[in-house]
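Worksheet: the structure to be examined is printed underneath.
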Amino acid sequence: MTVRWGWPVLLAALLVIGLLLAWADSTVFRPLFPEPFPQVRRPPFRAAPAAVPLPPIGPRRVFFSGLGPAGGLYTFWWFVSLGAGLILVSLAPLVVAPSRARRAAQRVSAASLPLMLAAGIATVLLALAATVLLRIGFVLLAIVPLVWALGALGALVGLAALALAGGRRLSTRLGPAPPLVAALAALLVLLDVSLVPVLGWVVLGLVGVTGLGVSVLTRLGSQAGWSLEELNW
């Protein structure tokens with residue numbers, strides 16, 4: 001399958017937009033991000049006798065002009081590495097279980113998205129209720145990470161299905177392309193939107209919850225899907 005010129009141009013444009021947004025978040029919009037750790041107050045300056053400076057202990061951090069340190073929080077490289085990791089992890093279900101991802105994506109439509117969002121919200125509320133009950137029981141406290149790990153796995157599989165469905169919609173406009181390329185373009189669109197402060201975070205959260213609803217309603221892309229008719233025999 002040949003890829004038309006529209007796809008490379010789209011991928012390059014989305015990549016450049018993402019890099020520009022990552023730079024803006026690390027510089028212009030940096031005060032909007034919450035500090036996870038309290039800032040340490042420095043003592044007042046006091047003159048000290050001149051001394052020979054000692055070399056720093058430990059590994060040296062690499063700094064880039066205007067981009068911050070390579071390992072700093074909320075720096076340009078932090079946003080880039082986090083976005084790259086999100087894309088790679090989201091593409092993993094498409095490679096590991098392509099048939100399940102295809103079946104889940106086939107059930108995604110504009111009419112079913114509100115139902116999937118509602119199913120995702122209901123699943124999150126049930127997970128919160130289960131977490132509270134398990135914490136009260138104390139004995140079953142070790143199951144809480146398992147509950148949230150399963151929820152994260154479901155959201156990941158659903159996000160991959162949404163990316164595959166979104167890439168399919170893009171293919172109708174830009175022409176045929178390999179499914180992974182189309183899904184990558186859809187994930188880059190989501191990543192660019194999520195890099196917009198405040199509004200992007202809300203969109204990313206809604207997409208994640210909708211992805212969880214996709215996994216619940218399709219039973220992780222199973223052939224039958226979720227239905228209360230399964231209770232009958």
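The values are calculated or read from the model by the stated rules, or taken from the named source; none is laboratory data. As the structure is a computational prediction, the values presented were derived from the model and not from experiment. When we count neighbours, we look across all protein chains shown, and the Cβ atoms used for this are built from the backbone with ideal geometry, even at glycine.
Does L150 count as within 28 Å of L19 (Cβ to Cβ), of a type in the set (A, V, I, L, M, F, W, C), in a helix (DSSP H, G or I) and under 20 Å from the mean Cα position of the chain (by Cα)? Reasoning before the result, please.
Details: within 28 Å of L19 (Cβ to Cβ): no; of a type in the set (A, V, I, L, M, F, W, C): yes; in a helix (DSSP H, G or I): yes; under 20 Å from the mean Cα position of the chain (by Cα): yes.
It is false that L150 is within 28 Å of L19 (Cβ to Cβ), of a type in the set (A, V, I, L, M, F, W, C), in a helix (DSSP H, G or I) and under 20 Å from the mean Cα position of the chain (by Cα).
Evaluate the following for A163: is it in contact with a helix residue (DSSP H, G or I) (Cβ under 9 Å, 6 or more places away or on another chain), within 19 Å of A13 (Cα to Cα), buried (at least 17 other Cβ atoms within 10 Å of the Cβ) and among the hydrophobic types (A, V, I, L, M, F, W, C)?
Numbers: in contact with a helix residue (DSSP H, G or I) (Cβ under 9 Å, 6 or more places away or on another chain): yes; within 19 Å of A13 (Cα to Cα): yes; buried (at least 17 other Cβ atoms within 10 Å of the Cβ): yes; among the hydrophobic types (A, V, I, L, M, F, W, C): yes.
In short, yes.
Among residues of the stretch 117-129 that are free of Cβ contacts under 8 Å to residues at least 40 places away in the same chain and closer than 20 Å to L141 by Cβ, those with a beta-carbon under 8 Å from a residue that is of a type outside the set (V, I, T) and surrounded by 17 or more Cβ atoms within 10 Å (Cβ to Cβ) at least six positions away or on a different chain give the pairs A127/G151.
Remark: pairs (first residue in the stretch 70-90, exposed (fewer than 13 other Cβ atoms within 10 Å of the Cβ); second residue modelled with pLDDT under 95 and not in a helix (DSSP H, G or I); Cβ separation under 7 Å; 6+ apart in sequence or on different chains) = G71/R61. Pairs, please: C-beta under 9 Å, at least 6 apart or cross-chain, first residue touching a residue at least 12 places away in the same chain (Cβ under 8 Å) and in the stretch 142-158, second charged (D, E, K, R) and assigned to a helix (DSSP H, G or I)? These pairs meet every condition: V144/R135; V157/R100.
Is it the case that the stretch 157-173 has a residue that's over 15 Å from P98 (Cα atoms) and either among the aromatic types (F, W, Y) or touching a Gly at 6+ places or on another chain (Cβ under 7 Å) (or both)?
Within the stretch 157-173, not a single residue is over 15 Å from P98 (Cα atoms) and either among the aromatic types (F, W, Y) or touching a Gly at 6+ places or on another chain (Cβ under 7 Å) (or both).
Does the stretch 99-116 contain at least one residue that is more than 16 Å from G213 (Cβ to Cβ), surrounded by fewer than 21 Cβ atoms within 10 Å (Cβ to Cβ) and in contact (Cβ under 8 Å) with a residue 24 or more places away in the chain? Looking through the stretch 99-116, at least one residue is more than 16 Å from G213 (Cβ to Cβ), surrounded by fewer than 21 Cβ atoms within 10 Å (Cβ to Cβ) and in contact (Cβ under 8 Å) with a residue 24 or more places away in the chain.
Can you tell me which residues in the stretch 107-121 are within 14 Å of G158 (Cβ to Cβ) and among the aliphatic types (A, V, I, L, M)? Across the stretch 107-121, the qualifying residues are V108, L113, L115, M116, L117, A118, A119, I121. The single condition among (1) among the aliphatic types (A, V, I, L, M); (2) part of a helix (DSSP H, G or I); (3) at pLDDT below 90 that V139 does not satisfy is (2). Would you mind stating whether V196 is closer than 23 Å to V16 by Cα, outside any helix (DSSP H, G or I) and touching a helix residue (DSSP H, G or I) at 6+ places or on another chain (Cβ under 9 Å)? Yes.
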